[in-house]
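A short worksheet on the structure shown next.
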Amino acid sequence: MTPLRSNRSFVIREGRFTAAQKKALAEYWPRYGIPESTSKIEFDRFFLKKQPLVMDVGFGNGDSLLSLAQQREDLNFIGVEVYRPGIGNVLRKLDALNINNVRIVNNDVNPLLEFNVDADFLRGILVWFPDPWPKKRHHKRRLVQKEFLQLAINALQTQGVLHLASDWYPYIESMRASAAQCEQLVPVELHKNPLNLQRPLTRFEQRGLRLGHKVTDLLYQVNK
Ligand SMILES: C[S@@+](CC[C@H](N)C(=O)[O-])C[C@H]1O[C@@H](n2cnc3c(N)ncnc32)[C@H](O)[C@@H]1O
């Protein structure tokens with residue numbers, strides 16, 4: 001199968017992979033990890049309780065994912081990340097905090113949504129502070145583009161929510177323009193979030209705020 005896009009939205013960084021993160025990856029992956037698959041993944045079977053599924057794409061070090069999972073025990077969270085030190089960090093804390101409503105996929109979200117999921121299985125997708133790729137020649141590497149939005153629409157149930165956030169305003173403008181090309185995405189005001197989900201302050205948001213950047217959230221509901 002040929003993937004929809006060839007420009008990766010990430011670079012593999014494993015420079016600061018601590019011994020504790022490596023140990024956590026080896027020890028807790030069997031409990032919290034969803035193994036790579038060449039076919040469709042039945043996500044419900046990896047969770048203790050069947051509940052609506054929300055995907056956190058590119059959770060980084062995962063602290064906001066953990067706080068969200070504790071805030072909303074009525075939802076199941078699938079964290080998707082390619083950064084293995086971040087996965088190690090999350091696995092260690094999932095165990096220490098005894099959190100049961102999070103499972104982790106170590107993969108690029110694009111092929112995952114393109115080849116390994118059924119349509120209409122998600123209640124929400126969160127893409128918080130995706131890498132901004134500010135240089136013009138790198139814009140093609142940005143994750144949130146029309147191809148990704150179409151995969152997201154396919155995976156979301158009707159009335160499902162797509163929540164985007166960034167501190168890089170030119171990226172927000174391009175996300176808005178791409179979403180405007182998808183007629184199934186209906187903009188929703190943040191305070192009317194149908195998921196009623198409060199975005200915790202994320203690590204990259206804190207960095208953006210320190211640099212004096214303005215943070216913008218974009219919320220869409222899928223109308224199929
Ligand atoms: C700037 S960080 C933001 C992390 C976190 N959401 C936060 O706000 O602190 C973006 C993350 O997205 C991950 N990422 C980028 N492209 C991805 C992809 N195609 N699939 C999965 N993760 C991706 C990167 O590895 C990185 O950890």
Item to check | Gyration tensor (alpha-carbon) shape descriptor, the range 125-224, a/c threshold 1.5 | outcome: oblate
Item to check | With 10 Å bins from 0: P(r) over the chain, alpha-carbon pairs, percent | outcome: 8, 34, 40, 17, 1
Checklist entry - Taking the Cα centre of the range 45-222 as the origin and placing charges on Cβ (Lys, Arg +1; Asp, Glu -1), which of 124, 156, 91 is farthest toward the positive end of the dipole? => result 91
Checklist entry - If you average the sequence gap of Cα pairs under 8 Å that are 6 or more apart and divide by the length of the chain, what percent do you get for the contact order? => result 22
Checklist entry - lysines within cross-link reach of residue 136: Cα-Cα under 24 Å, excluding same-chain residues under 8 positions apart? => result 146, 214
Item to check | Pairs of alpha carbons in the range 8-101 whose separation is greater than 14 Å (percent) | outcome: 66
Checklist entry - Karplus couplings for the range 201-212 from phi (6.51 cos²θ - 1.76 cosθ + 1.60, θ = phi - 60°), rounded to Hz, Gly and Pro as x? => result 5, 9, 4, 6, 5, 4, 4, x, 5, 4, 7, x
Item to check | Global form of the range 113-177, assessed from the alpha-carbon gyration tensor, a/c cut-off 1.5 | outcome: prolate
Checklist entry - In a shell of Cβ-Cβ distance under 15 Å around residue 175, excluding residue 175 itself, what net charge do Lys and Arg (+1) and Asp and Glu (-1) give? => result +1
Next on the checklist: Can you work out the Karplus-derived ³J(HN,Hα) for every residue in the range 38-47? Use 6.51 cos²θ - 1.76 cosθ + 1.60 with θ = phi - 60°, whole Hz, and x for glycine or proline.
Outcome noted: 9, 10, 5, 9, 8, 4, 4, 6, 8, 9
Checklist entry - Which residue fluctuates the most in the chain, going by a Gaussian network model with Cα springs under 10 Å, if the choices are 61, 98, 106? => result 98
Checklist entry - Which of the peptides 169-182, 36-49, 65-78 is most tightly packed, and how do the rest follow, judged by the mean count of other Cβ atoms within 10 Å per residue? => result 65-78, 169-182, 36-49
Checklist entry - What 222 nm value per residue comes from the helices of the chain, counting each DSSP H run with n ≥ 4 as -39,500 (n - 2.57) and dividing by all residues, nearest 500 deg cm²/dmol? => result -9500 deg cm²/dmol
Checklist entry - Quick one: 80, 54, fewest Cβ neighbours within 10 Å first, how do they rank? => result 80, 54
Checklist outcome for this item: The ³J(HN,Hα) series, computed from each phi in the range 112-127 with the Karplus coefficients 6.51, -1.76 and 1.60 at θ = phi - 60°, rounded to the nearest Hz and given as x for glycine or proline, is 4, 6, 7, 10, 10, 10, 7, 5, 6, 9, 10, 8, x, 10, 10, 10
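Every number here is computed from the coordinates shown, using simple stated rules; none is lab data. Please read all numbers here as calculations on a predicted model, not as lab measurements. So basically every Cβ, Gly included, is an ideal-geometry build from the backbone, and we count neighbours across all protein chains shown.
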